[in-house]
Every structure is written in structure tokens, then in C-alpha cells.
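These notes concern the structure reproduced below.
The values are calculated or read from the model by the stated rules, or taken from the named source; none is laboratory data. As the structure is a computational prediction, the values presented were derived from the model and not from experiment. Cβ: placed from backbone, ideal geometry, glycine included. Neighbour counts: every protein chain shown. Keep in mind that these areas ignore ligands, DNA and RNA; they rest on the heavy atoms of the full protein, side chains included. Shrake-Rupley method; radii C 1.70, N 1.55, O 1.52, S 1.80 Å.
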Amino acid sequence: MPLLQIDRQLARDSYYAATAPQGPGFAPLRGTVEADVAIVGGGLAGLSAALELSERGFSVALMEAGEIGGGASGRNGGQALAGLACDMAEIERQLGLAEARRIWAMSLEAVEMIRQRSKRYGIDCEWQDGFLSVATSPRKAADLQAWQQGMAEVYGYEQRWIPKNELSNWIASPRYQAGVHDPASGHLHPLKYCRGLAQLLSEPARRPGTAPVQLFEHSPALALEQGTSAQAGLTLRSSQGQLRARFALLAGNVYLPELAPELAPQLTQRIMPVGTYIGCSAPIEAERLNALIPSRSAVCDNNFVLDYFRPTADQRLLYGGRVSYSTRTPRDLKASMATRMQATFPQLADIGMDYAWGGFVDISMNRAPDFGRLGTAQNIYYLQGFSGHGLALTGLAGQLVAEAIADDASRFDCFAALRHRPFPGGTLMRMPALVLGMAYYRLKDLL
């Protein structure tokens, strides 16, 4: 079954879709449209780039294959965290400590960007401060403490170490051995945030003095024709129209290879689709839910194949923890997510899942984000490889593209300097190879 079809089936029982106000809705692209910048992808990276470019005086037209926020940006775990999916040691190894510190500082800026945009534009996305990283074994606890100490010593990032004898004050679960509390990270309702940004972009009166932004839904980019220079421009074609611009941003991530395999084929081998799955419980009495996680922080363990969860504003527990590296959806998703939740919190044995959904994210080989430029004129930007850690970073990535198009590419080029290798195995064998590799890491987590 095609990836996009599986993805849409998985999204039908999304808690976020059931609880977010309906989006404004946008017509498909028809005829010929012209703009300074064309954006492919209506997730957080594309929306953020559109906002930042508009504020810098660039007219923007955005093409979304489905609905705004319909991909990973609108149905993820809702955890907006500092850092990257890969360990900072990977960044240090490639770029050196000074650039690694710069990237870490930008990741903190990415989290703060969500707070500030929500306040500035009145986007009700249910923001909640706080993040707990927890360890499931003594060995994992030692790893977690070493990481916490290293971040303080090398990056000046202070977090609270929580030993096992204090952990019950932070989380009421027998599963964990120790934890670290990060007050700067947090969590939110991602679809409300996505749709809030789209609503903002569709209302010029809320952004006085900015250039126009046009949003088109149900408009997959099927082909790209490049000019010989940025001045000559480029053309993106959909089934019903075309978009002409001086610059383009490809922010379709895991969906680009399926929808338009010839659009940027050189990017395809550097990312892989991974299925992620989440459940959201029935309502829980406020006192009972608060007793589970008194700080109401988001929580994630430090396993390679991890579990993550958080309380919601309407007193539920949202729990993620299953992944698929073969694109096959796990059976009986609601029951299996309830089992995982109850293994962490046995006191919720009487609470089931009201919702269970999933979707695909793009991972890179080294789990570092993959940003860069394409084309003869180097006027085609791309953002991919957020590797399941993109809720905050996508927003910053859109800003970095806007800065680069506006002639300050220093921060974008810091990320673009990261090197990426294709997944081994070619088209036929890379997915089976990844499945075997992930089985090895699951075994390591268990042992």
C-alpha cells in the first residue's frame, strides 16, 4: 500500500484532529501563480518559513499536498525539546565544539520561538513548561547522569538531576531508576499550533507591513523546472496549475519521494520513513492525573527505542511508544498502546485509550537534520531528516531558510555543513537492513 494512503488511514483516529478547531481551509493551486518564494509542504517548517519570509518582504506561495498540518507536524507526541535527535557528540565530531555549541544554542531558540509566537499572535496551543528524561535501568541511569553532567560542563546547560530516592516526587511509576528535569523544554497541542500559524498567515491585518502569503491545499508539487540563475527563476507544477518563483523550499520530508520521485531524487536515499504510533487515554480525574506527573511535564525515557508521554490540557494521558521500520502498522493499536501505558502506570489499569493514531517521520542515517541547497543556481533549499525530534527545530529551520534567502546564510550553513550518508542496501534492501538494525537496538534496550 502506498505510504501516503497508510498515513491517511492512520490519522483517522487522531486526538489532535478531534480536539483542534477546524482549519481555515484553502483552495487548490489553479492557473499560474507568481511569488518570490515557493514552498512545498504545509507543516511547521514550511509555515515558519512563510511567516519569516513575509516579515522580510518576500511574497510567498505555499503548496501542501493534503491539508495544512496533516503530516507529522500536526500529529506528533507534542514534545518541544531542546537539542537534536542525534547526540551532540555527532555534531562535535563533524563540526567541532564551537559549532556544536552554536547549534545547541539555536535549538534552545527553537523552543523559545514557540512560546514567543504563541504569545505574540494569541495562538492557543496549550503550551506547558517542563520535560523529564527518565532511565529504565541502573545502566541507563548512569548514562543519563553522565549526559546531564556533560551538558552542564560543556554546554553550560543546567538541568536538575533526580536520583531514584527522589523520583517518586516527579513521576509515580515503578519503571524508572532516575531522571533529569529540563525546565526550558515543554509540550503543546501541535495541530492547534499549526492551524494557528496558517490562520495567522491568511489574515494580513494581523501582520501589518508584511508581504503577502498564499496557501494552497490539495496541491502536490509534481515537477520542478529550474532556471539557469536565481533571476531566471523556477517553476513548480501541480495537476491543476503552476507556481513561478525566484527561490523554492522543499519541506515535504518523507512524502516527497512518493508524491514526486523526480522532484529531488538526490535526497531520497538520505532519509527513511519510520512509522510512529500514539494513544490518548480516556479522561482522568485531575487530582489522579496530577499525582502521576506532579509537574505536568512531558516525559521520555532514554532507550534507543523509546516511550514518551505527557498530560493533556483536558486531563488525559497521551502515550507514544511503538515504531515500525517496515511501514507495517501494529495490530490492535488502541489495546497495545493501553498495555504500554499501564505497564508504566499500573494504577491506570482501569483506563483505556479513546484514540490511537500514527504516521510517518523521516529519519536520517545519523539522526542529524539534513539541510542544504540544490540546483544549478543553488536557489532550491531543502529541509529534512528531523528524525522524530522536529517539533521545535522545524520552526527554527524555516527561519534559517528565510535568513539565507535574505542574504545571511551563516546559521543555515552551520547546519548545511553536516555530512550525510545514504542508507545502505539500495532501494530494495535498505528497509530490511534497517529492520534488522532496529531489532539489535531493541535487544540492547532490554538487556
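At a glance:
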item: Accessible surface ranking that places the most exposed of 56, 160, 270 first, with a 1.4 angstrom probe; result: 160, 56, 270
item: Inter-site label distance for residue 34 and residue 222 at 7 Å from Cα along Cβ, in nm; result: 2.4 nm
item: Mean projected area (nm²) of the alpha-carbon convex hull when the range 343-396 is viewed from all directions; result: 6.5 nm²
item: Accessible surface ranking that places the most exposed of 124, 36, 7 first, with a 1.4 angstrom probe; result: 124, 36, 7
item: Calculated P(r) of the range 1-69 - Cα pairs past 18 Å, %; result: 51 percent
item: Phi to ³J(HN,Hα) by Karplus 6.51 cos²θ - 1.76 cosθ + 1.60 over the range 272-289, Hz, x for Gly, Pro; result: 10, x, 10, x, 10, 9, 9, x, 10, 6, 5, x, 10, 3, 4, 5, 5, 5
item: Top positive-direction residue, dipole computed over the chain with Cβ charges, set 137, 159, 81; result: 137
item: Sequence-separation-based contact order of the chain, relative, with Cα cut under 8 Å and 6+ spacing, percent; result: 25 percent
item: Nearest-10 value in Å² for the accessible area of residue 147, using the 1.4 Å probe; result: 90 Å²
item: Average silhouette area of the range 181-272, convex hull of alpha-carbon atoms, in square nanometres; result: 9.7 nm²
item: Largest to smallest accessible area among 119, 164, 334 [probe 1.4 Å]; result: 119, 164, 334
item: Within the chain: Cβ-based charge dipole about Cα centre, in debye rounded to nearest 20 (Lys, Arg +1; Asp, Glu -1); result: 620 debye
item: Proximal charge balance of residue 420 [Cβ under 10 Å; K/R count +1, D/E count -1]; result: +2
item: Principal axes of the range 1-121: Cα extent on each, largest first, Å; result: 48, 38, 34
item: Approximate spin-label separation residue 354-residue 22, in nm, with each point projected 7 Å along Cα-to-Cβ; result: 2.1 nm
item: Dipole magnitude of the range 365-427 about its Cα centre (Cβ charges: Lys, Arg +1; Asp, Glu -1), debye to nearest 20; result: 320 debye
item: Binned Cα-Cα distances of the range 265-388, short to long, each 5 Å bin given as a whole percent; result: 2, 10, 17, 19, 15, 11, 9, 7, 5, 3, 2, 1, 0
item: Two-decimal Rg to Rh for the range 97-142 - Kirkwood Rh, Cα set; result: 1.17
item: The chain - mean residue ellipticity at 222 nm from DSSP helices (-39,500 (n - 2.57) per run, n ≥ 4, rounded to 500); result: -10500 deg cm²/dmol
item: Extension gain (nm, one decimal) between residue 146 and residue 105, 0.36 nm per residue minus Cα-Cα; result: 12.7 nm
item: Projected label distance in nm at residue 206 and residue 313, using a 7 Å step from Cα toward the beta-carbon; result: 1.4 nm
item: Cβ-placed point charges (K, R +1; D, E -1), dipole of the range 186-290 about Cα centre in debye, nearest 20; result: 300 debye
item: Accessible area of the chain divided out per residue, in Å², using a probe of 1.4 angstrom; result: 40 Å²
item: Radius, Kirkwood style, for the chain when every pair of distinct Cα atoms is counted (Å); result: 22.3 Å
item: For residue 385, net neighbour charge (Lys/Arg +1, Asp/Glu -1) across residues whose Cβ lies under 11 Å away; result: 0
item: Relative contact order computed over the range 170-260 (Cα-Cα under 8 Å; 6+ residues apart), in percent; result: 16 percent
item: Cut-off 15 Å between beta-carbons: net charge of the residues surrounding residue 130, Lys and Arg +1, Asp and Glu -1; result: -1
item: Most fluctuating residue given options 390, 279, 25, as computed from a GNM of the chain linking Cα atoms under 10 Å; result: 25
